[in-house]
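Each value in this text was obtained by applying a stated rule to the coordinates, not by laboratory testing. Every value quoted in this text rests on a predicted model; they were computed, and no experiment measured them. Methodologically, a virtual Cβ is constructed for each residue, glycine included, from the backbone with ideal geometry; neighbour enumeration extends over all protein chains shown.
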Amino acid sequence: MLNKGAIQSNTLGILLIGLGLVVFVTNPAIAFMVGAIYSIIFNKPLPARFRKFGTYFLQIAIVFLGFKLNAGQVIEIAKEYSVLVGGYVLLTLGLGLLIGTVVNNTPKSSQLISAGTAICGGTAVATLSPVIQARAEETGVALSLIFLLNIFALLVFPYVGELLQMTQEQFGVWVALSIHDTSSVVATSAIFGEEAMKVATTVKLGRTLWLIPLVFLFSVSQKGKGTNLHLPIFIVLFIFSASASSIVNIPSQMLFLAAKCTTYFLMVALFFMGLGLTRSTLQNLKRGPVIHILSLWLLVVPATLLLVVVNVI
């Protein structure tokens, strides 16, 4: 058992690393991995009073995230691909939930993996996790697996595009559908070309917009029949912030500040979530989540590739 001095020392180390992330790191996935690595290497428990910090920072980040989702603008820019994106999201989400049942993955882990693959990777997982009250290890495993797949896509997909002699538009649409996180979509498409990056970013924003109805539907589904529907306050604020840019003209400085706040709060939140990925979690990791996300992604990647090569002009 750790004594008081050891706990205080551990807490100070955690806070210093968290501050360093805010200052130096620009990728939330890396923030999560740093937290996970710290937890696995030092194997020290997180003090009870800090265990909810990840949830609090995450909820704040989700609210600020809404300001980046100008519903009218995204729909207008992405209207050419709206049917394609909508069909992809719904089919992938349904297929993911079905595969989760087949491989005996836990319901909440299945929902996180399916939503992350269908919509926007780590952002969808992090947003949905407090709504469905997923355990820290379920959230952590989903984020870890998505992070690893994003790294694989970043390294491999540009070579696939060159091998198949894909156009800039084809590659942009493919990565926007098949890669989980927005940052990885932008990075991977930028390697292939500037035009691919523009297409990928536009389509991915349209895909990310589905996060709003997803969160609302899952919030409703958590309530049993005959109970009063009560949306968590951060969900209400998220819906409001997501609609704000379509209702009023928000100064660009405020939007820039909101974007920065989203990044910083999300980094700190995912760092604390990473601390929940312990040695015991890895040792007790079941095959379900791994088989689930690999099976779903191995279906999604070639299907979307075939779709854009055959149909996108």
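Residue order for PHE240, PHE256, fewest other beta carbons within 10 angstrom first, comes to PHE256, PHE240. Residue separation of PHE240 and LEU164 scaled by 0.36 nm, minus their Cα-Cα distance, works out to 23.0 nm of gained length. When ARG287, ARG135 are arranged by Cβ crowding within 10 Å, least crowded first, meaning fewest neighbours, the order is ARG287, ARG135.
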